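Only one structure is covered here, and it is reproduced in the block below.
The values are calculated or read from the model by the stated rules, or taken from the named source; none is laboratory data. Keep in mind that what you see is a predicted model, and the values were worked out from it rather than measured. When we count neighbours, we look across all protein chains shown, and the Cβ atoms used for this are built from the backbone with ideal geometry, even at glycine. Calculation scope for accessible area: heavy atoms of the full protein, side chains included, ligands and nucleic acids excluded. Shrake-Rupley method; radii C 1.70, N 1.55, O 1.52, S 1.80 Å.
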Amino acid sequence: MALPAHHPVDLLRFNTCGSVDDGKSTLIGRLLYDSKNLMEDQIEALERSADITGGGQINLANLTDGLRAEREQGITIDVAYRYFATPRRKFIVADTPGHVQYTRNMVTGASNANLSVVLVDARQGVIEQSRRHTCIASLLRIPHLVIAINKMDLVNWSEERFIEIRDEFEEFLPRLDMKDVKFLPMSALEGDNVVEFSAKTPWYTGPTLLGHLESVHIGSDWNLNGFRLPVQWVNRPNNPTDPRWHDFRGFSGQIAGGLVRVGQKVMALPSGLATTVKEIWTYDGPEDEAFCPQSITLVLEHDIDVSRGDMIIGPDHLPGFSSDLFADVCWMNPRPLQTGRKYFLKHTTHTVQAVVTSIENRLNISNFEPEPGPSELAMNDIGEIRLRTARPVIFDGYETNRLTGSFILIEQGTNATVAAGMLFPPREVVKPEASDFVI
Amino acid sequence: MHSYHLDHLQYLETEAIHVMREVAAEFERPALLFSGGKDSICLLRLAEKAFRPSDIPMPFLNIETGHEFPELLAFRDHRAKELGAKLIVRTVDDVLARGVAVQSFGETSRNRLQIPALLGAIEEFRFDCCIGGARRDEEKARAKERFFSFRDSFGQWDPKNQRPEIWNLYNARLNPGENMRVFPLSNWTEMDVWEYVRKEKLEVPSIYFSHERECFRRGGQWLPIPPPHTDNGRPDPYAGARPKPNEKRAKLIVRVRTIADMISTGVIESRADSIDDIIAEIAAARVTERGTRADDKASEAAMEDRKRAGYF
């Protein structure tokens, strides 16, 4: 269907997780095909291959064939992105093939997702992979989860089987702190409950997968509570020809939390100096207020010293400020994480040297139990570590803010990105010195 | 009372501005690849949004194949001047003249030869980062490309050895001689680009709109007939790209959907002469994806574009 030309739509990012034969490729193919997002030549290619190899049956998994071929050549592709649209929403799908490096791939593909689709084979029910995917989705705090119980055609569309699998999930879901979980019976192969409702599931009263993707409420997925502006770039025009900009000094960045208004009090960290917002400058003209995740330039009332890596915050919901950090990390490099090693830690716009002082535990991803005292974390391991940084970091717990609670570790020398980290909530928050800044 | 929520173009915009500012802050000597095509036109507006009221803190770089549409070059120069930016142009002709690269026998297209010209410019100006307008939806290989795409000291992309990209934390660290390509429009689709052109009222080169042009048929698509060869002292730069006697010629109402150079850009028959028309045409091209060719012209547009994508 054509997009209405002037209708603003929003954007939902999701990822699909499944084991090799769960029908992940078929599902993506089905979503694209049934929502009319394939080009003619793609369809013709599908029909051609159906005539040759499929006995006339279109194989929607062939849409991701390029990826498979690359795997056969021994190339590891971690995440491929696909794009499609309906009149209501635009979608970015992070498609993560391969099961060998699944944890690393899924973390990469899901880090920006609003929603994860965990595929389960109705014949098999909950297997270790399903627990692993659900666990990672929960660890990454993906706001919405869909458990798609696929291949329902192979269990005769049995409501009993559906409930059985749902109950298996319900047994461990409470330990994972997922807020929005939907269970959905479907057959990606035959298209039931993907885009079109199925006549075979009269007992199912929920939405189709696409219906859910189109309507799930994502308006509150960003943190709008405590104002955070990690300063990215100091905007100071050099020898401007326009006299208006002679004394212009703005702090540019993407708001990582909360909102900001002209005239409100703010504080720059780590200096602790307080001032008020004089102007919210944008190319399209000044704004009275701005919110996460807008990119803006802030002009302050007083000329205080602020540079890249500093953070401008509002008076509410103060962040942590510490060089002793606790975090869950997902290790992503063949060289394991060992204590005592130094890395660069990039957090918001701030890069600082960090040393891993201890590995507290490694998560057993099958039963969600932390196993204490591992000597190292290997590739795809998830564990809790303690870090000491050369300078204090201004941060929030990942559970309250994905942008100010996350970091990456970079190996010195090779510059490889070796870990994704999720910070624990601060043990104490920053203590503002300016007396009028107390909440 | 606002709803504190961004629509899809606002989201793509803030993501791209964030990426551009990371480049300005993390690299010593970045450049922005500007061809005058629709994607790089969006890049320039995003650069204005990222850096104004300051100057855009990087020069523009364009590698000419020597086969450009004159309309495109004129537009490129005019836009760079309008923005007060420094425009660096390096050419395939120069690379050939200096013997840095050699045209292989029978090779008409200069797409391949743009690579040594680009690497030469990177070395000459010691650029450590080039911002480009490539998008992931363009083709399968691009679907796996990163926002920050690392190149080794030979300028090579190693898909086996890409850095994981998590949240909005981009690893920009390089060793000497290494290079980064950065693609702020990674998550944009062709439709997003045109919707942004419309929303921002961006000027685009005239060849995107329908016009009358002498064309010839080759390889299942219409190609523009190159300008006549006048300089008798030099070999014809368009040798091989001119219609052969058995190839069908026609004067058609056409436009380009994507622009490379004159040799490798197929034109499509189209009456679209406004941004709204173009958007409607792209949207219509998607309608026919249902598998029924309701509108042959629109579906041909889709096909032409795919085939062109296959070229590269």
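Below, the figures for the structure above:
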item: Simple label model, 7 Å out from Cα along Cβ direction - A:A390 to A:F368, nm; result: 4.0
item: Exposure rank, largest accessible area first [B:F125, A:F14; 1.4 Å]; result: B:F125, A:F14
item: Mean separation of Cα contacts under 8 Å, 6 or more apart, over the residue count of the range B:89-233: relative contact order %; result: 21
item: Antiparallel DSSP beta bridges within chain B, as percent of all bridges there, nearest 5; result: 60
item: Residue among A:P392, A:P426, A:P334 with the largest mean-square fluctuation in a Gaussian network model of chain A, springs linking Cα atoms under 10 Å; result: A:P334
item: Total lysine pairs under 18 Å (Cα atoms) in chain A, excluding pairs fewer than 8 apart on one chain; result: 7
item: Potential extension, A:E190-A:L224 segment - 0.36 nm per residue separation minus Cα distance; result: 8.1 nm
item: Most fluctuating residue given options B:G132, B:G233, B:G84, as computed from a GNM of chain B linking Cα atoms under 10 Å; result: B:G233
item: Structure-based [θ]222 nm, the protein assembly as shown - -39500 (n - 2.57) summed over DSSP H runs of at least 4, per residue, nearest 500; result: -7500 deg cm²/dmol
item: Only Lys, Arg (+1) and Asp, Glu (-1) charged, at Cβ; the protein assembly as shown dipole about Cα centre in debye; result: 1280
item: Accessible surface, 1.4 Å probe, highest first, among residues A:T96, A:T351; result: A:T351, A:T96
item: Lysine pair count for chain B [Cα-Cα under 21 Å; pairs on different chains or 8 or more apart]; result: 20
item: Surface accessible to a 1.4 Å probe, A:E214 within the full protein complex, Å²; result: 30
item: Test item: A:401-414 mean partner chain Cβ contacts at 10 Å; result: 2
item: R0 of 30 Å, Cβ-Cβ distance B:E203-B:A141: FRET efficiency to nearest 0.05; result: 0.45
item: Positive-pole candidate from B:N171, B:C42, B:I63, dipole of the range B:8-188, charges at beta carbon; result: B:N171
item: A:V262, A:V93, A:V195, ranked by accessible area, largest first (probe 1.4 Å); result: A:V262, A:V195, A:V93
item: DSSP beta bridge pairing in the protein assembly as shown, given as percent antiparallel to the nearest 5; result: 70
item: Average accessible surface area per residue within chain A, 1.4 Å rolling probe, Å²; result: 40
item: Highest-MSF residue in chain A out of A:V216, A:V260, A:V146 [GNM, Cα springs under 10 Å]; result: A:V216
